[in-house]
Amino acid sequence: MQRVEIPDQNVKSFFQARSAAVNKAGELLSRPVIVAWKDDRNGQFAPQIPGAMVDRWHVYGEHNEGVLELEVADDYHFIFTDADGFAEPDLNLTTIEDNGTRFMCLNDACTAEDKEKMGYFAGGGLGG
């Protein structure tokens, strides 16, 4: 997996970091999809796997087609895959729009705020 560090660009929140990561991933991948992430500032990560070890989010990302890991401002970590080779739409993907930038994430890698905004239904995603 390729690993890229994005230096602190006055990042003050998870959403700013995610935006920086999505923009960089868009330069490196045809159709970037967030597979997993971790926010060191508040200890949150996704996907959350009950009873799993702390770095399970990273193991999940590696084993679910993760090809690019981006670290933003030393505190935020995102693992992406490239949807360019996907044969059919995947109902486990959600399209997110953040300040005019559209990107995809696996349903389990979306934040609670994303799920609320996009009308996510537990047990099945919304292709957005």
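The values are calculated or read from the model by the stated rules, or taken from the named source; none is laboratory data. Everything numeric in this text was worked out from a predicted model, so none of it was measured. A quick note on method: Cβ atoms are made from the backbone with ideal geometry, for glycine too, and the neighbour counts reach across all protein chains shown.
The residues in the stretch 5-14 that are outside any loop (DSSP other than H, G, I, E, B) and surrounded by fewer than 15 Cβ atoms within 10 Å (Cβ to Cβ) can be counted, and the count is 1.
With the condition kept exactly as written, say whether any residue in the stretch 23-33 is small (G, A, S), buried (at least 18 other Cβ atoms within 10 Å of the Cβ) and at pLDDT below 90. No.
Looking at the stretch 48-73, which of the residues that are loosely packed, with under 14 Cβ neighbours inside 10 Å and either touching a strand residue (DSSP E or B) at 6+ places or on another chain (Cβ under 7 Å) or among the small types (G, A, S) (or both) is farthest from V35 (Cα to Cα)?
Filtering the stretch 48-73 for residues loosely packed, with under 14 Cβ neighbours inside 10 Å gives 48-55, 63.
Those still in the list that are either touching a strand residue (DSSP E or B) at 6+ places or on another chain (Cβ under 7 Å) or among the small types (G, A, S) (or both) too: 51-52.
Values: G51: 19, A52: 17 Å.
Going through the qualifying residues, I end up with G51.
Does the stretch 34-48 include one or more residues that are modelled with pLDDT under 85 and within 17 Å of A109 (Cβ to Cβ)? Among the residues of the stretch 34-48, at least one is modelled with pLDDT under 85 and within 17 Å of A109 (Cβ to Cβ), which makes the answer yes.
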